[in-house]
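Encoded as structure tokens, the structure appears first; notes follow it.
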Amino acid sequence: MIDIALTFAFACFGLGLLFCLWRITVGPNPADRILALDTMVINVIALLVLYGVREGTAVYFEASMLVAMVGFVSTVAYCRFILRGDIIE
């Protein structure tokens, strides 16, 4: 039963990644692109956690924490670049 639930969750988060990729390419303004990129990071984190559950190892949970930290920093840097034109003051 858990295999069916994991497969369904993989499909849902994969579809979410495709929708976010579409929003990044077609987004009407930079704010929509930033939000789509941040949502893609969250979906990748969820996929890593699901894969860790499927494999039964904790390595993927640690990888998801690293992706979360890098995703947060990249979102903040991209927002600062859009707002101010530079990242480092």
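The values are calculated or read from the model by the stated rules, or taken from the named source; none is laboratory data. Because the structure is a prediction, the values reported are computed rather than measured. All Cβ positions, glycine included, derive from the backbone under ideal geometry; neighbour counts span all protein chains shown.
Which residue is modelled with the highest pLDDT, if the candidates are limited to the stretch 60-89 and must be in a helix (DSSP H, G or I) and surrounded by fewer than 11 Cβ atoms within 10 Å (Cβ to Cβ)?
Going through the qualifying residues, I end up with 69.
So, of the residues in the stretch 42-59 that are of a type in the set (Gly, Ala, Ser) and touching a helix residue (DSSP H, G or I) at 6+ places or on another chain (Cβ under 9 Å), which turns out to be surrounded by the fewest Cβ atoms within 10 Å (Cβ to Cβ)?
Of the residues in the stretch 42-59, the ones of a type in the set (Gly, Ala, Ser) are 46, 52, 56, 58.
Cutting the leftovers down to touching a helix residue (DSSP H, G or I) at 6+ places or on another chain (Cβ under 9 Å) gives us 46, 52, 58.
Details: 46: 17, 52: 17, 58: 9.
For the stretch 42-59, the residue satisfying everything is 58.
Within the bounds of the stretch 57-73, is there any residue that is among the aliphatic types (A, V, I, L, M) and farther than 26 Å from residue 6 by Cβ? Yes, there is a match, as at least one residue in the stretch 57-73 is among the aliphatic types (A, V, I, L, M) and farther than 26 Å from residue 6 by Cβ.
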